[in-house]
Structures are given as C-alpha cells and as structure tokens.
Amino acid sequence: VCKEGTILASEKRVSYGYLVVSRGGKKIFKITDHIGAACAGLVSDMQILAREVEAYAKLFKLDVGRPISVRSTAKVMSNLLFNRRLVPLITQTIVGGTDEEGSSVYVLDILGSVIPDKYAAVGSGAEIALGVLEEGYNENMTIKEAKDLVVRAIKSAISRDIMSGDGIDFFMITSQGIQEESVKF
C-alpha cells in the first residue's frame, strides 16, 4: 500500500516440489476494476476462488448498486475458504485494492483468517521478501517507489528460492483502475 494506490505482484514460476511445471504462470487475478488478488500455493485452487469471488462481487454491485469494498471482498473470500475447510483450497492469498476507504491489503490463509496489513508476502520466498519490504517500506511512497521496492523484494526471494522465478507480473491499482504489467527474466 502506498499513498497513490496498491501494488500486487507475483513471480511467474509454477512448481510442484522441485519440478517446474510452468515458467509463465499467472498468480495475480483481477476481481473488480479496483480489486485484485495474488496467491501462493496451488494456482488451480486460486483460479477457482478468484472466479467465485469475482461472481460475488458482480452480484453485490447489481444488488446494492455500488462496487464492493476491498474489506468486503476479503471477507467473502474468507467465508469461501472457511466453508471449504474440510477439503481446503490450498492457497495463501493477498487481496488488495483501492476503494472509498483508501488503499488496503489483506492476507488470508487456507482456512480464511483475514489479517489487514500495509505490506505482505506469501509463499516459499515470503521470509526473504518480507525482510526487504520491512527495510524499505514507507507509507508515503509513490507508486513508482513502491514498485521498485516490490521488484527488489521479489528479486531477492527469487535469487534464494528455487521454487520462484522467471519474471514478475504486476497490478498497479489506483483510483483510476488496474494497470497490468509483466516483466520476464
């Protein structure tokens, strides 16, 4: 979260143990025009979850007449994850976006716990990425400064984690909407 919006990012490698399944996987998902989600874990489970939450967000807008908030989106996702607790969707999720309350990020585990935060990282490289984020984070950063910090954090994790790599996908979410970008390396 920065003063101009929210950035969600993910590296591109999809792995199963030490097997690289794909070098071009997409682990960030658009939920609405101002809300996105990023994941670690089983990408197929996250695809199911993102599609279902997107449908609930559209139904909310039709029913209430206004867009769903980031907090409500995280709560809907939390309820869906908790309802699947006996046969869980194996995904750690970050929901982020910008709404009338401002920019926000929420972290969810596989059972649906919701934790609001200013920055977050999930997955096998999270500990390394969090160290970089903690050192460089400032609430008054511009979107460009925040993007540079995210790139540093993900590159740091990629360089020390065999299950991560092959590029970065970005969602820069501002009050104007989502700008998508991708970098391969």
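The values are calculated or read from the model by the stated rules, or taken from the named source; none is laboratory data. What you see is a predicted model; the values in this text were computed from it and never measured. Cβ placement follows ideal geometry from the backbone for every residue including glycine, while neighbour counts extend to all protein chains displayed. Surface areas here come from the heavy atoms of the whole protein model, side chains and all, with no ligands, DNA or RNA. Shrake-Rupley method; radii C 1.70, N 1.55, O 1.52, S 1.80 Å.
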Legend entry - Area accessible to solvent at GLU4, 1.4 Å probe radius, in Å²: 80 Å²
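Once the Cα gyration tensor of the range 25-102 is found, what semi-axes does its equivalent ellipsoid get, as square roots of 5 times the eigenvalues, in whole Å, sorted largest first?
Details: eigenvalues 87, 38, 22 Å².
Largest first, the range 25-102 gives 21, 14, 10 Å.
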Legend entry - Length-normalised contact order of the range 95-185 in % [C-alpha pairs under 8 Å, at least 6 apart]: 21 percent
Legend entry - Volume per residue of the C-alpha convex hull in the chain, rounded to whole Å³: 104 Å³
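Below 15 angstrom from the Cβ of SER113, what's the summed charge of the other residues (Lys, Arg +1; Asp, Glu -1)?
With Lys, Arg at +1 and Asp, Glu at -1, the net is +2.
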Legend entry - Simple Cβ-charge dipole of the chain, Lys/Arg +1 and Asp/Glu -1, about Cα centre, in debye nearest 20: 460 debye
Inset, instruction - Would you give the gap between the C-alpha center of the range 115-129 and the C-alpha center of the range 80-97, rounded to a whole Å? - result: 16 Å
Legend entry - Solvent-free Debye scattering, log10 I(q)/I(0), computed from the Cα coordinates of the range 102-155 at q = 0.15 Å⁻¹: -0.45
Legend entry - Solvent exposure ordering (accessible area, 1.4 Å, most first) of VAL150, VAL64: VAL64, VAL150
Legend entry - Solvent-accessible surface (1.4 angstrom probe) belonging to ARG152, in square angstrom, nearest 10: 120 Å²
Legend entry - the range 78-185, Rg to Rh (Cα coordinates; Rh as Kirkwood inverse mean 1/r): 0.98
Legend entry - Residues TYR16 and GLU134, FRET efficiency given R0 of 30 Å [Cβ-Cβ distance, rounded to 0.05]: 0.50
Inset, instruction - Determine the sum of side-chain charges near ASN79: Lys and Arg each +1, Asp and Glu each -1, restricted to other residues whose C-beta is under 12 angstrom from that of ASN79. - result: +2
